[in-house]
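To keep things clear, I will list the structure first and then write my remarks on it.
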């Protein structure tokens, strides 16, 4: 696999305070964040766009569902939506704030990528089967090609992660490791 840095962007989902602190599997959140940081450094070194996506925990789109997102009586502090410092967000990176599971719906992410000539997205983040999968599904519908980085993703449990990587992502994208992606850019 070869990735053209002029046409490829890195998109990292929900590496923010309120999410990174949760238990994740099969990879701990600290490993996901570290692999994401390594990817971001490599993409920047090649002049490729780096996008961090966060969800506004206090402005999440409230739709009628059987299992709504738990909401406390008080709004979360603004810092809950901040990207964790260890994820490596830098000036010049793109920051997108979403209000639902996927990063394309209701945001300018597609326009941000297309205006830079991007047609392929390398994707990672937390949670595998929610924000990452929703973003891949939405993005493929918009014509973007995807590489989903297995060891730069994690879910609430290992079974959810495994199912997404064995049954869903191979039909939507190429599945690779952090090292594979770094090699493909070099």
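The values are calculated or read from the model by the stated rules, or taken from the named source; none is laboratory data. Being a predicted model, the structure only gives us computed values, none of them experimental. All Cβ positions, glycine included, derive from the backbone under ideal geometry; neighbour counts span all protein chains shown.
Need pairs with beta-carbon distance below 9 Å; first residue at positive phi and within segment 32-55, second at pLDDT 95 or above and not in a helix (DSSP H, G or I); sequence gap 6+ or separate chains.
Matching pairs, first to second residue: 47/5; 47/6.
When you go through (1) outside any helix (DSSP H, G or I); (2) more than 11 Å from the chain's Cα centre (by Cα); (3) buried (at least 23 other Cβ atoms within 10 Å of the Cβ) one by one for residue 105, which number turns out not to apply?
(3)
Could you say which residue among 147, 122, 132, 118 is touching a residue at least 40 places away in the same chain (Cβ under 8 Å), in contact with a strand residue (DSSP E or B) (Cβ under 7 Å, 6 or more places away or on another chain) and more than 14 Å from residue 51 (Cα to Cα)?
Residue meeting the stated conditions: 147.
Among the helices (runs of 4 or more DSSP H) confined wholly to segment 114-186, which include 3 or more residues that are crowded, with 19+ Cβ neighbours inside 10 Å, modelled with pLDDT of 95 or more and under 12 Å from the mean Cα position of the chain (by Cα)?
133-141
Scan segment 21-36 for residues that are touching a helix residue (DSSP H, G or I) at 6+ places or on another chain (Cβ under 6 Å) and surrounded by fewer than 21 Cβ atoms within 10 Å (Cβ to Cβ) and jot them down.
25, 26, 29
Against the conditions (1) in contact with a helix residue (DSSP H, G or I) (Cβ under 9 Å, 6 or more places away or on another chain); (2) modelled with pLDDT of 95 or more, where does residue 108 fall short? Just the number, please.
Condition not satisfied by residue 108: (1).
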